[in-house]
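The values are calculated or read from the model by the stated rules, or taken from the named source; none is laboratory data. Just so you know, these numbers come straight off a predicted model, no measurement behind them. All Cβ positions, glycine included, derive from the backbone under ideal geometry; neighbour counts span all protein chains shown.
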Amino acid sequence: MPKLQPLVTNRIQARALCRNQQRTNFGSMPCARRRMADDFVLWLHRGHLKKAVRIVKGERATRALERSQPMGEAMPREVERIMLKARMHLDMLVRGTVPPGDEETHDYLCHVVGISQIRVCDIGVANRTHGGIQLANELMATLNAAAQGLARARQRYEKMGCWGLDDPAIEPLREALDIYETVLGASSAMQMEQAQTARLAKLQAQMGVAA
């Protein structure tokens, strides 16, 4: 396969990096689960336990399949909800409307950037034969700038007691959310959980806390 060429915008680069993560859409999972649940109850009351066991196993297989699919296909509404929350937090930080003493906004954006860094590295390595490392490096430059902007925001908060961003941090953070949205849609729920576990382990190591 030909190498991916360097692209212009971070969002397009992220989509190119994640392209090989996409899988086939297996249809409407929630409706299928409801039908299986109804079938299960019906057969259970009739005493057909073997049939009921098969349906339960099928339900488990469906959940496992859903967790292994890209979230953009398996749970698009969840992706929308997560991104709405992330953009709301960024808007509050940009406008300086985060209440004093409220650290959730800063911590949530740190989570977004940290998870993006881990997944971009993972996807870049997985696609290293198709230019993935080069694209990952370009995306990491943006994510690192976003992380540094959040660190400066934390330092100012500790000195002045109010939240806000300096001008150099705003654009990298907006681009970081675009990267996160692309990575989130192309990653499975299982992959995102693994990235969260890796980030938590990194934070614990930095603080000297045993896992």
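Worth pointing out:
- Boolean, residue 138 is acidic (Asp, Glu) and in contact with a Pro (Cβ under 8 Å, 6 or more places away or on another chain): yes
- The sole residue among 129, 142, 182, 197 that is in contact with an Asp or Glu (Cβ under 9 Å, 6 or more places away or on another chain) and of a type in the set (Val, Ile, Thr) is 142.
Table: residues versus (1) of a type in the set (S, T, N, Q); (2) surrounded by fewer than 19 Cβ atoms within 10 Å (Cβ to Cβ).
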| site | (1), (2) |
| --- | --- |
| 75 | no, no |
| 99 | no, yes |
| 117 | yes, no |
| 141 | no, yes |
| 144 | yes, yes |
| 152 | no, yes |
| 166 | no, yes |
| 179 | no, no |
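- Of the residues 113, 183, the single one that is among the β-branched types (Val, Ile, Thr) and either over 21 Å from residue 74 (Cβ atoms) or outside any helix (DSSP H, G or I) (or both) is 113.
Rundown of residues vs (1) of a type in the set (Ser, Thr, Tyr); (2) touching a His at 6+ places or on another chain (Cβ under 9 Å), yes/no style:
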position	(1), (2)
85	no, no
90	no, no
94	no, no
101	no, no
112	no, yes
116	yes, no
119	no, no
128	no, no
131	no, no
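- Residue 205 meets the conditions (1) under 18 Å from residue 103 (Cα atoms); (2) surrounded by fewer than 16 Cβ atoms within 10 Å (Cβ to Cβ) in every case but one. The failed one is (1).
- Sole residue being within 19 Å of residue 82 (Cα to Cα), among the hydrophobic types (A, V, I, L, M, F, W, C) and assigned by TED's automatic domain parsing to the domain that holds residue 79, chosen from 123, 179: 179
- Residue 134 vs. criteria loosely packed, with under 12 Cβ neighbours inside 10 Å and either part of a helix (DSSP H, G or I) or over 18 Å from the mean Cα position of the chain (by Cα) (or both): no
- Hey, residue 207 in contact with a Lys or Arg (Cβ under 6 Å, 6 or more places away or on another chain) and at pLDDT below 90 or not: no
- Taking each residue of the stretch 118-147 that is hydroxyl-bearing (Ser, Thr, Tyr) and looking for partners that are surrounded by 17 or more Cβ atoms within 10 Å (Cβ to Cβ) with beta-carbon atoms closer than 7 Å, six or more apart or interchain, yields 142/10; 142/172; 142/175; 142/176; 142/179.
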